[in-house]
Amino acid sequence: MKLLILLLLLSNSIFSQKIKESIQTKKLGTRNFTIVIPPSYENNKDKKYPLLLLLDGEYLLPPFEGTLNYGNYWDDLPEMIIVAIDQNYNEVRFDDSQFDLKGFPIEKGADFFEFIGVELIPLIEQKYRTLPFRIIAGHDTTAGFLNFYLYKDNPVFNGYISLAPEMAPAMETRVAERLSKINKPLFYYQATADGDLPEINEKATTLDKNIKAIQNPNLKYQNDAFKNTSHYSVVTKAIPNALYFIFEGYQPISMLEFQNKIVNLESGYANYLIEKYNYLENMGLQVKPRLSDFKAIEAAILKNKAFLELQPLADYADKKYPKTTLGTYHQALYFEKTGNFKKALKTYQKSFALEEVRELTKDYLMSRADALKGKEDAPEEDAPTEIIEETATDKKE
């Protein structure tokens, strides 16, 4: 049964639409590529998507698409628009990656470099609804090539997935130097295999050491050196790691995250949720805070008796789920847990005119109101008095 589910997840007909496209370039002639449109694209006309550009598109598309389909099914990875460039014919991939003895793109390599930034990406962004968050990925020769985009002062890509890279001269030094000067958030992932060519691993190891010596808060970096792995099998092992690295924090709050991080906080539970989604928003991702995450934060607040934090949680719920029972519930719960039972009762009763959210039905909230009827407010000295940290919402305002 599990195998059947996995096969269904990886089925293109269920999850996405593939479109074969071509473009007549100024210097490279006709270039073919495949566009993969997410399943929600046609039904959600207002939604925009991150862009994933794959070099060596013929063979990198299936594992990337499969990983994204699977991750998105469980809401672990976002949907993306994928652009897979055809390069595996007539030595084209080597021509596209051509560089000189000084380690810079030349001839067809320089033309291909300009084609992606000047012709292909503008075409895709004009034709499809994309977010300004772009990732590029390649393998061996094309993995080395994608590093050239870091040589620019304002790199066109936000994320780089380099799989067993074959680097140009001095690239292991230049990439680290460029990453040290990046002034906007950037993700860099590199993977190698112990069964690969020594010259590939030697340069990758040097680059790894150079990058790890960088002190740049704008850089997020991960290097995976896989054991018992070949030049080709490293691709299927690295792709999930790379995508989950770049989109760390996208996943819903897990039980492990709840137990090891959230519940052990001394304060700032509501702010944890706010910062989680502010981070995704700053990446350009359109992610509505999940109801399960509100529930997790509520549970941490109640477990630690940090009842005053229900107020900023209610404010955030009203902001993200206006005219629903979510914010009203947390507001009423705040009054109830701080001993203001009369206000809690009135607030629960307000739910009658609001849209229901999951288990927060009108009947449920009205039953909580009924349970408070005739209950006297707690004395002021019994009310919580601890001070809550300034939330991210407060800071913005």
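Some notes on this structure:
- Linear extension gain, residue 44 paired with residue 371, 0.36 nm per residue minus alpha-carbon span: 113.5 nm
- The packing ranking, built from the mean of other Cβ atoms within 10 Å per residue, places the peptides 342-350, 25-33 in the order 342-350, 25-33, highest first.
- The range 181-264 - Rg over Rh from alpha carbon coordinates, Kirkwood radius: 1.05
- Max mean-square fluctuation residue, GNM over the chain, Cα-Cα springs under 10 Å, options 60, 310, 372: 372
- Cα centroids of the range 136-205 and the range 35-73: 23 Å apart.
- Cross-link reach list, lysines versus residue 237, counting only Cα pairs under 19 Å and skipping chain neighbours closer than eight places: 227
- With the simple model of a label 7 Å out from the Cα in the direction of the Cβ, residue 323 to residue 106 spans 6.4 nm.
- Relative packing of peptides 40-53, 267-280 - highest average C-beta neighbours within 10 Å first: 267-280, 40-53
- With a Förster radius of 22 Å applied to the beta-carbon distance between residue 380 and residue 342, the computed FRET efficiency rounds to 0.95.
- Take the Cβ atoms of residue 260 and residue 205, set R0 to 30 Å, and the FRET efficiency comes out at 0.45.
- Taking every C-alpha pair closer than 8 Å and separated by at least 6 residues, the mean separation divided by the residue count of the chain gives a relative contact order of 10 percent.
- With the highest mean first, a sort of the peptides 327-335, 171-179, 204-212 on other beta-carbon atoms found within 10 angstrom per residue produces 327-335, 171-179, 204-212.
- From the coordinates of this entry, semi-axes √(5λ) of the Cα gyration tensor in Å is computed, and it appears in (i) 29, 27, 24; (ii) 42, 25, 20; (iii) 49, 23, 18 under the label (iii).
- Straight-line reach from residue 45: taking Cα to Cα under 17 Å and skipping same-chain neighbours fewer than 8 places apart, the lysines in range are 127, 288.
- Acute angle (nearest 10 degrees) that the helix 57-73 long axis makes with the longest principal axis of the chain, alpha-carbon atoms: 10 degrees
- Extension reserve of the residue 216-residue 355 stretch, reckoned as 0.36 nm per residue once the Cα distance is removed: 45.5 nm
- Helix 233-246 vs. the chain, principal-axis angle (Cα, 0 to 90°, nearest 10): 40 degrees
- Restricting the calculation to Cα atoms, every distinct pair contributes to the Kirkwood radius of the range 119-228, found to be 14.4 Å.
- Angle in degrees between helix 325-337 and the longest Cα principal axis of the chain, rounded to the nearest 10: 50 degrees
- Cross-link check: pairs 48/184; 303/323; 181/212; 323/346 evaluated at a Cα-Cα cut-off of 18 Å; pairs beyond the cut-off: 48/184; 303/323.
- The range 255-396: C-alpha gyration tensor shape, a/c 1.5 cut-off, then a/b vs b/c: oblate
- Net length available on complete extension from residue 304 to residue 290 is 2.9 nm, with 0.36 nm assigned per residue and the Cα-Cα distance removed.
- CD proxy at 222 nm, helix term only [per DSSP H run n ≥ 4: -39500 (n - 2.57); per residue of the chain; nearest 500]: -12500 deg cm²/dmol
- Sites residue 94 and residue 123 - FRET efficiency at Förster radius 30 Å, r taken between beta-carbons, to 0.05: 0.75
Read-outs: derived from the displayed coordinates by stated rules, not from any lab. Remember, predicted model here, so these are calculated numbers, not experimental data. Ideal geometry is used to build each Cβ from the backbone, glycine not excepted, and the neighbour counts take in all protein chains shown.
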